[in-house]
Amino acid sequence: MTVTTRGVLYVHSAPSALCPHVEWAAGGILGVSGSLSWTPQPAAAGTYRSEFSWQGAAGRAAALASALRGWSHLRFEVTEEPTSGTEGVRYSYTPDLGIFHAVTGIHGDIMIPEDRLKAACVRCALGENTLEREIDKLLGKPWDDELEPFRYAGDGAPVRWLHQVV
């Protein structure tokens, strides 16, 4: 049985040359065709932004993040809502920081797995980092800090809903 969920792909900034490649990758993973609505991204001259909501099988957010990560000059986030049988997820990507992954609960809160908490405590005990910095990393604060100007610049931008054809 396939579990259906919803999610959103936020492309915060992409050079114009990458826009068709993003469309192709997202369309292939989500099983849809068509072009996205791109608007100029005022936070980075010469780049464009787009966002769209999708509906499809659980796990599509991971597939989207895997397909798009590592592309130079691309900044994006992908979310997937939890279902009765799957947890929600959030992926954030910037060229400088790479990929961030978090499990999210039904209210959107980040849920930190036990092993990641233990590893953070060990790094603090060894003097490798402070507890505040470890918690910030676990919550994705460096990614949020870097993406926030791009999110703000997208306020009021159009959203396109895409649904997988079964």
- Query: What Kirkwood hydrodynamic radius do you get for the chain when you take the inverse of the mean 1/r over all pairs of distinct Cα atoms, in Å?
  - Reply: 16.7 Å
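Give the peptides 83-89, 109-115 in descending order of average Cβ contacts within 10 Å, highest first. Each step should come with its number before you reach the end.
On the way: 83-89: 14.6, 109-115: 10.9.
Listed from highest to lowest mean packing, they are 83-89, 109-115.
What's the local net charge at THR79, with K and R +1, D and E -1, over the other residues with C-beta under 14 Å away?
On the way: positive: ARG6, ARG60, ARG90, ARG151; negative: GLU51, GLU77, GLU80, GLU81, GLU87, ASP109, ASP144.
So the surrounding residues net to -3.
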- So what's the gap between the Cα centers of segment 93-140 and segment 56-87, to the nearest angstrom? 18 Å
- With label points built 7 Å along Cα→Cβ from the Cα atoms of TRP24 and TYR152, find their separation and express it in nm. 3.6 nm
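Taking every pair of alpha-carbon atoms in segment 80-139, give the share separated by more than 13 Å as a whole percent. Each step should come with its number before you reach the end.
Values: 1170 of 1770 pairs.
Here the long-distance tail beyond 13 Å is 66 percent of all Cα pairs in segment 80-139.
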- Message: So, R0 is 35 Å and r is the distance between the beta-carbons of HIS73 and ASP109; what FRET efficiency does that work out to, to 0.05?
- Response: 0.65
- Of the listed peptides 31-39, 9-17, 55-63, what is their order by residue-averaged count of other C-beta atoms within 10 Å, with the highest listed first? 9-17, 55-63, 31-39
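Among residues other than SER13 whose Cβ falls under 10 Å from its Cβ, what is the net charge (Lys/Arg +1, Asp/Glu -1)? Display every interim value, and only then the final one.
Numbers: positive: ARG49, ARG75; negative: none.
Around SER13, the surrounding residues sum to +2.
Values in this text are rule-based calculations from the coordinates and carry no lab data. Small disclaimer: the values here were computed from a predicted structure and weren't measured. Heads up, the Cβs are rebuilt from the backbone with ideal geometry, glycines too, and the neighbour counts pull from every protein chain shown.
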